[in-house]
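Remarks on the structure that follows.
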Amino acid sequence: MKISKRDALLWFRFFAQMPEDEPLMPHQRELAYAVIAQIETAAEARFDSLMREIPHLKSLNGRTYYVGSDEKFSKGCRSCLTGTGLSAVRKTNKCNMQCPFCYDYGMLDCQEPIGEGMWEIGGTKFREDDMELLLSIQKKPTGIAYVYLEPFMEIEKYYGVIRTFHAAGVHQHMYTNGTLATEENLRALGEAGLDELRFNLGASNCADKVIEAMAIARKYIPFVGIETPMTPAFYEGFQRKKAQIFAAKSDFINCAELHLNDNNLQNYAGENLYMSRHGYVSPIWSRELTLKLMRQADEENWDMLVHDCSNRTKFARDLNLRAHEGGWFGSSTYGCEFERIPYAAFLPVLEDESFRFLEEDEKLPYGYNPGDIVL
């Protein structure tokens, strides 16, 4: 069914007022899914139009898109999209910043600790001296990533584990907001064998100190890049500091499509949102800004690869991961961050007269209208 935008708004206003513990009936769920599909189809048409404007757009096996020199495509991203997935190594449950786009926004003070002397890999707790045992028993991954939350809060604890995985030939990358990076700890990371360091420039609004840290990191770490959720604030900050960022000689920028959960949703209230494959919920402008930046990079021939790390890319990532884990055909860990569709969050896009559905049925079938008995 191709529901009209008028009927879509009417129904979503109704769904938004329903108690959260009251499930929709089957006909109502069909209507909800029809609306979500209409929004997604219109949003993707806008993305496709922007992609056609990028002259030298490249694809990695159809799984993601980028512009720039192939050798600068992150090996961590290759592991994620074509290798044996991306194994998360967790240690630090604290952060020195609170970013509006953070998945743990407002909850940073109550994140569960991993445990003193412990590391979490694949949902299992390990001591540092267990790493050799793990590598001797299980097939080593093509890559691992140090995540959750800001590793530089206790970076000295990471060096030994990095040395172990480096000796085993595992590609390692780490995420940081960069505000605690110094020449001393960046040198130590390089000496330990870290392959790739990714700076979240948006966390500090492209602070000079962090850009300087990126330049220092280039002296010690083989690959240095930027990975930030694409927001208007980051896009503007990047343009403002573009010359300084280029001078830092980053290899790549991963433009992550911002996706929302219960913690950060209210920070983007009133924005036009869409839902990708009944999974991630994102502001439509996030990927639009990415594609706009990619076109600029292509036209200006930047010496830095720009990667469209979109919801579609995340979908491909999870399909690849499950395939390497031996999952059944079609299985994936990709899913929605919300227990139920946040209907109220989609009212702004439905109320926006400039956002149009591609196709509409002016009249709903019997049983789907507000005056019908919906069973």
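The values are calculated or read from the model by the stated rules, or taken from the named source; none is laboratory data. Everything quoted here is computed from the prediction, not taken from an experiment. Note that each Cβ is placed from the backbone with ideal geometry, even for glycine, and that neighbours are counted across all protein chains shown. Surface accessibility is based on the protein's heavy atoms, side chains included, excluding ligands, DNA and RNA. Shrake-Rupley method; radii C 1.70, N 1.55, O 1.52, S 1.80 Å.
Looking at segment 71-145, which trypsin sites (Lys or Arg not before Pro) are DSSP coil and have at most 10 other C-beta atoms within 10 Å of their C-beta?
Numbers: sites: Lys72, Lys75, Arg78, Arg90, Lys91, Lys94, Lys125, Arg127, Lys139; in loops: Lys91, Lys94, Lys139.
When the trypsin sites (Lys or Arg not before Pro) of segment 71-145 are filtered for loop state and at most 10 Cβ neighbours within 10 Å, Lys139 remain.
Taking Cα centroids, how far is segment 199-261 from segment 117-141 in Å?
31 Å
Can you compute the charge dipole magnitude of the chain about its Cα centre, using +1 on each Lys and Arg Cβ and -1 on each Asp and Glu Cβ, nothing else charged? Give it in debye, rounded to the nearest 20.
Working: 41 positive and 54 negative charges, 183 e Å.
Approximately 880 debye in magnitude.
Can you report the principal axis dimensions of segment 176-264 using only the alpha carbons, biggest first, rounded to whole angstrom?
Projected onto the principal axes, the Cα atoms of segment 176-264 cover 38, 31, 20 Å.
Filter Lys209/Lys314; Lys91/Lys314; Lys58/Lys314; Lys2/Lys314; Lys242/Lys292 down to the pairs with a C-alpha to C-alpha distance above 19 Å, please. If you can, show how the numbers build up before the last one.
Details: Lys209/Lys314 31 Å; Lys91/Lys314 23 Å; Lys58/Lys314 17 Å; Lys2/Lys314 27 Å; Lys242/Lys292 15 Å.
Checking Cα-Cα distances, Lys209/Lys314; Lys91/Lys314; Lys2/Lys314 exceed 19 Å.
Looking only at the chain, where both bridge partners belong to it, what percent of the DSSP beta bridges are antiparallel (to the nearest 5)? Before the final figure, lay out each step's value.
On the way: 15 of 42 bridges.
Just about 35 percent of them are antiparallel.
Treat each spin label as a single point 7 Å out from the Cα along the C-beta direction, and report the Asp262 to Met51 distance in nm.
Each label point is offset 7 Å from its Cα along the Cβ direction, giving 3.3 nm.
Near the amide H of Val89, under 5 Å away, which other amide H atoms are found, from residues 5 or more places off or on another chain, if H is placed in the peptide plane?
Here Ala145, Tyr146, Val147 satisfy the definition.
Could you give the dipole magnitude of segment 241-301 about its Cα centre, charging the beta-carbon of Lys and Arg +1 and that of Asp and Glu -1, in debye to the nearest 20? Could you put the intermediate results ahead of the total?
Values: 7 positive and 8 negative charges, 22 e Å.
Value, rounded to 20: 100 debye.
Rounded to whole Å and sorted largest first, what semi-axes of the equivalent ellipsoid does the C-alpha gyration tensor of segment 220-375 yield via the square root of 5 times each eigenvalue?
Numbers: eigenvalues 249, 96, 40 Å².
Ellipsoid semi-axes (Å, largest first): 35, 22, 14.
Ignoring GluC sites (Glu not before Pro) that are buried or in helix or strand per DSSP, and keeping those with at most 11 other beta carbon atoms within 10 Å, what is the longest stretch of the chain between them? Write down the numbers at each step before the final one.
Details: sites that count: Glu20, Glu116, Glu325, Glu339, Glu353, Glu359, Glu362.
The longest such stretch corresponds to 117-324.
Just the number, please: carbon plus sulfur as a percent of the accessible area of the chain, 1.4 Å probe, no ligands or DNA/RNA counted. All intermediate terms of the calculation are to be shown ahead of the outcome.
Numbers: 8770 of 17520 Å².
Heavy-atom surface of the chain belonging to carbon and sulfur, 1.4 Å probe: 50 percent.
Restricting everything to alpha-carbon atoms, can you work out Rg to Rh for segment 316-375 with a Kirkwood hydrodynamic radius?
Radius of gyration over Kirkwood radius for segment 316-375 works out to 1.16.
Residue farthest toward the positive end of the dipole of segment 69-184, with Cβ of Lys/Arg at +1 and Asp/Glu at -1: which of Tyr175, Asn96, Leu133?
Result: Leu133.
Can you run phi through the Karplus equation (6.51, -1.76, 1.60; θ = phi - 60°) for segment 263-274 and list ³J(HN,Hα) in whole Hz, with x for Gly and Pro?
6, 9, 4, 5, 5, 10, 4, x, 8, 6, 10, 9
In segment 90-247, if every C-alpha pair distance is counted and binned at 10 Å from zero, what percent goes to each bin?
All Cα pairs, binned at 10 Å, distribute as 10, 39, 34, 15, 2 percent.
What does the convex hull of the Cα atoms come to per residue for segment 1-130, in Å³? Please report the intermediate quantities before stating the final value.
Values: hull volume 31.9 nm³, N = 130.
Taking the convex hull of the Cα positions in segment 1-130, it is 245 Å³ per residue.
Rounded to the nearest whole Å², what accessible area per residue is found for the chain with the 1.4 Å probe? List each step's numbers first, then the result.
Numbers: 17520 Å² over 375 residues.
Here the per-residue accessible area is 47 Å².
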